[in-house]
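Everything below concerns the one structure shown next.
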Protein chains: 2
Amino acid sequence: MTNTIPSSDLIARFAAIVGASDALTQAADITPYLIESRGLYKGTAPLVLKPGSVAEVSQILKLASETGAAIVPQGGNTGHVAGQIPRAGAADIVLSLERLNRIRDIDPVGNVIVADAGCILADIQKAAEEHNRLFPLSLGSEGSCRIGGNLSTNAGGTAVLAYGNMRQLCLGLEVVLPTGEIWDGLRRLKKDNTGYDLRDLFIGAEGTLGVITGAVLKLFPQPLGHQVAFAGVQSVADALVLFDKASSLCGPALTGFELMPRLGVEFTARHIPGVRDPMDTVHAWYVLIDISTSDSAESAERMMQALLETEISSGLVENAVVATSEAQRKSLWHMRESMSPAQKPEGGSIKHDVSVPVSSIPAFMAEADAAVMKAIPGARICSFGHMGDGNIHYNISQPVGADKDQFIARWREMNAIVHGIVLRYNGSISAEHGIGQLKRDELADVRSPIEIDLMLRIKHAFDPAGIMNPDKVLKVR
Amino acid sequence: MTNTIPSSDLIARFAAIVGASDALTQAADITPYLIESRGLYKGTAPLVLKPGSVAEVSQILKLASETGAAIVPQGGNTGHVAGQIPRAGAADIVLSLERLNRIRDIDPVGNVIVADAGCILADIQKAAEEHNRLFPLSLGSEGSCRIGGNLSTNAGGTAVLAYGNMRQLCLGLEVVLPTGEIWDGLRRLKKDNTGYDLRDLFIGAEGTLGVITGAVLKLFPQPLGHQVAFAGVQSVADALVLFDKASSLCGPALTGFELMPRLGVEFTARHIPGVRDPMDTVHAWYVLIDISTSDSAESAERMMQALLETEISSGLVENAVVATSEAQRKSLWHMRESMSPAQKPEGGSIKHDVSVPVSSIPAFMAEADAAVMKAIPGARICSFGHMGDGNIHYNISQPVGADKDQFIARWREMNAIVHGIVLRYNGSISAEHGIGQLKRDELADVRSPIEIDLMLRIKHAFDPAGIMNPDKVLKVR
């Protein structure tokens, strides 16, 4: 399916919907919307539209459906798979949700917040906090990513273990369909079995089925107790045993269980200002354990103490430190969150965002490590992530002194090796980042033809004119 | 769309797939599959097929798609909205999953169980327990309902507050599509953002998009602490305040919060053997509070004690009893679960399964009570349910001495009154039972045309031949 290349007349008609000052046509104004953070993709666009209301979004999509112009919705432009970036060489129009950034309502008794899609995640967290509530979605880019993007990619982050990803955190949606019709699904219900689950279809669809313009999100009580520990263990297998112990002991009070290799700790201590190794002993692997309790500060302390005392005596935990202040807790989390940026100064890094069944993590990592080291002797594997979710950011830094470009040129080859092993463990090649442009062709390789066909049927049924974020997730035939 | 009436030749071809002994054609054998538990619907069918393998299910659907014969999947036949019952006067073929009842695998470290769709819910609970794990889905019919039906209706029950409904409890599915193709989505991943959410589309679709044949379900650690209390409060508004306090104190350890009226306690004490009012004081409303903790038995005790001591002193709780043994805990839950059957001996009962935003429960109930009492003076309202989920089973027993049939004849009229108020509170006319046949025409009234249209587009895209459970959920145009 091909889209219309908008004439100057059509561009003027689109611009008139939002007004001249919110319709960007100059290269200098448009450029920031065309490049994603890693610089892997650069798109082209004749126009960026910044609607100020849901009605304007509706008019834009209506005009696009009538004329066949392609629309690429964009939030904070923090996505890692270029789903938010217009196609290179095409004439897609970028639809930025940034001006739709109002918190529409907050109900602390009902534990819901209703927000425009363009609200920045940190602003939603803050609004919840002001009402003594928690909105648990938390990720590195929370200061600039927007909730519509979080919804469209079914974002995960560091609190998935206890609170789930965006699908679990969202009760209702407002979506503008490709025709311009508005689906008002802004329901605040915890239980509602009335027909097909449209909400979860739009969540994670990466803007290919419609434009999310508003959402009802769940809030939670602010926990009273919060404990964070950093523990050294001998192996990934031991980390898994420790996870099983922690999760049996703490149940849903275990709010984070993050795995890090020695190399990652060294990288962060070396490159990230203010980060230092909190222990004077050296360990092959580390875990960050986060426990939150609602009833009292003491109960989190009791749990953490019980866990560490038992597992230090048993020898499973080699050494551990427990943060004793909020500043220390933040500092331990800061080390974990710096794992990815700390790789940059070490040269090229080939990245994977994979998941496997939790119980398969040790076997998967051993097999992947062997295959990668065989392919690139001297490669430095910095694999870390949300162990409790089975989600590993399996990243490979270049050998010391190697040529960066030559190393990065092997991205697809390394993907094939790592993803091949992931698939043998029935894992996922995109645990939390989505498909976008980066993994689109690979998706067709790793999913069965019938699964791809079902997705295409949904795409055609919802967007027959093919105007919504074309060629993202799926190549429409 | 109309379906083929199967000729005797076609019936023989279907029967040959499963073998004569698992193809029922005699009225006496077929009848139990045609009537649902409340006796509101009785269907007709020339044939009941009991396939013994996924391959046989596939062959059945392939033949149905080729010939246009209608297929009605059925699990334990416990559904409340007749989704599992063939249409009256048509010639739908019932496809019973009862022979597909094998637990395929259990992985206690990975916290998953893989089960055939025909497994009885209680058997799955038991298998989990044998591995010291919990499968939390729990509902009245758990001894006979089958997991495929629980999935197809996105079942809820009494543990939704902490563990969610079936969508939250399922990681992966195996589905036979109307064409007979098999979608293997049996993934064990907690995080997987690779394309559209097909899983949640089949869950809750009530067998109209395909036949679920297997599922990967989540398991949880068995809690060590378990406390159940029964507390008397003055009003629904006070019960809501108590819920807010309990949920802030206990967080995810609050595993149940159920509301019951005085009338319901009287009905159960009067009619259900072994049930008696556990308090010697009389209260307008009661709540059952269930707290589960993973770390120790004591922490559940501490929470329950802290909650009740504080709220008895504050006057919010008028009186309370705490169960001190497993037998007492079961007995309190038995009273709650007997609310529905205890209405039967009191004559006709017009039932609603609705939800509203949690914070709107008191206002909704006051308004509904006034409207119902105005329409039927002397009606006895027995509204109870999962307060923490906003889900109320708003049931109306006939006035004492009234004619049962005349009362039941006002079912639709009462529905219109109650559901009208539910909709003003942006609630749901089916919180957990689904749509089936019972609420199909009402769905089209209460949802926007665009929402119904999106559902129809999905139906047509997945089942173009119109063979899957026709005229359930949606009337296909």
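For segment B:221-269, the set of residues classified as free of Cβ contacts under 8 Å to residues at least 60 places away in the same chain and either under 26 Å from B:ASN132 (Cα atoms) or within 11 Å of chain A (Cβ to nearest Cβ) (or both) consists of B:ASP244, B:SER248, B:LEU249, B:CYS250, B:GLY251, listed by residue number. Every test in (1) in a loop (DSSP other than H, G, I, E, B); (2) touching a residue at least 12 places away in the same chain (Cβ under 8 Å); (3) over 23 Å from A:ASN101 (Cα atoms) is passed by A:GLY39 save one, and that test is (2). Report, ordered by the first and then the second residue, all pairs with beta carbons closer than 6 Å, sequence separation of six or more or different chains, a first member in segment A:6-17 that is under 9 Å from A:ILE60 (Cα atoms), and a second member that is among the acidic types (Asp, Glu) and assigned to a helix (DSSP H, G or I). As it stands, the answer is A:ILE17/A:GLU56, since those pairs meet every condition given.
Residues in segment A:1-36 that are of a type in the set (Asp, Glu) and surrounded by fewer than 11 Cβ atoms within 10 Å (Cβ to Cβ): A:ASP9 alone.
Among the residues of segment A:385-421, those that are more than 10 Å from chain B (Cβ to nearest Cβ), closer than 30 Å to A:ILE289 by Cβ and in a helix (DSSP H, G or I) comprise A:MET387, A:VAL418, A:HIS419, A:ILE421.
Test A:THR213 against the stated conditions and say whether it is in contact with a Leu (Cβ under 9 Å, 6 or more places away or on another chain), among the β-branched types (Val, Ile, Thr) and either within 7 Å of chain B (Cβ to nearest Cβ) or part of a loop (DSSP other than H, G, I, E, B) (or both). Walk me through how you get there before you give the answer.
Values: in contact with a Leu (Cβ under 9 Å, 6 or more places away or on another chain): yes; among the β-branched types (Val, Ile, Thr): yes; either within 7 Å of chain B (Cβ to nearest Cβ) or part of a loop (DSSP other than H, G, I, E, B) (or both): no.
No.
Considering segment B:88-107, the residues that are in contact with a helix residue (DSSP H, G or I) (Cβ under 9 Å, 6 or more places away or on another chain) and of a type in the set (A, V, I, L, M) include one that is nearest to the other protein chains (Cβ to nearest Cβ), namely B:ILE106. When A:ALA70 is tested against (1) at negative phi; (2) surrounded by fewer than 24 Cβ atoms within 10 Å (Cβ to Cβ), exactly one condition is not met: (2). Candidates in segment A:176-202 are the residues that are more than 7 Å from every other protein chain (Cβ to nearest Cβ) and closer than 15 Å to A:ASN154 by Cα; of these, the one that is surrounded by the most Cβ atoms within 10 Å (Cβ to Cβ) is A:PHE202.
Let's see how each residue does on (1) farther than 27 Å from B:GLY388 by Cβ; (2) part of a loop (DSSP other than H, G, I, E, B); (3) at pLDDT 95 or above:
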{"residue": "B:ALA91", "(1), (2), (3)": "yes, yes, yes"}
{"residue": "B:ALA128", "(1), (2), (3)": "no, no, yes"}
{"residue": "B:SER144", "(1), (2), (3)": "no, yes, yes"}
{"residue": "B:LEU151", "(1), (2), (3)": "no, no, yes"}
{"residue": "B:ASN154", "(1), (2), (3)": "no, yes, yes"}
{"residue": "B:LEU173", "(1), (2), (3)": "yes, no, yes"}
{"residue": "B:PRO178", "(1), (2), (3)": "yes, yes, yes"}
{"residue": "B:ASP184", "(1), (2), (3)": "yes, no, yes"}
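Could you check, for segment B:438-448, whether at least one of its residues is crowded, with 20+ Cβ neighbours inside 10 Å, modelled with pLDDT of 95 or more and not charged (D, E, K, R)? Checking segment B:438-448: not a single residue is crowded, with 20+ Cβ neighbours inside 10 Å, modelled with pLDDT of 95 or more and not charged (D, E, K, R). Scanning segment B:115-153 for residues that are surrounded by fewer than 23 Cβ atoms within 10 Å (Cβ to Cβ) and polar (S, T, N, Q) yields a total of 5. Of everything in segment B:449-463 that's more than 7 Å from chain A (Cβ to nearest Cβ) and more than 13 Å from B:THR208 (Cβ to Cβ), which residue is surrounded by the fewest Cβ atoms within 10 Å (Cβ to Cβ)? Going through the qualifying residues, I end up with B:PRO449.
Please state which one of A:ALA371, A:ALA465, A:ALA461, A:ALA363 is assigned to a loop (DSSP other than H, G, I, E, B) and either of a type in the set (A, V, I, L, M, F, W, C) or over 24 Å from A:ARG38 (Cβ atoms) (or both). Don't jump to the end; show me each part of the working.
On the way: A:ALA371 fails: assigned to a loop (DSSP other than H, G, I, E, B); A:ALA461 fails: assigned to a loop (DSSP other than H, G, I, E, B); A:ALA363 fails: assigned to a loop (DSSP other than H, G, I, E, B).
Criteria check complete, one pass: A:ALA465.
Just one of the numbered conditions (1) assigned to a helix (DSSP H, G or I); (2) at the interface with another protein chain (Cβ under 9 Å from one of its Cβ atoms); (3) within 21 Å of A:ASN391 (Cα to Cα) is not true of A:ASN426; which one? Result: A:ASN426 passes all but (1).
Note on segment B:393-423: residues that are within 21 Å of the chain's Cα centre (by Cα) and of a type in the set (A, V, I, L, M) total 4.
The values are calculated or read from the model by the stated rules, or taken from the named source; none is laboratory data. Keep in mind that this is a model prediction, so the values were computed, not measured. Note: ideal-geometry Cβ built from the backbone for every residue, glycine included; neighbour counts use all protein chains shown.
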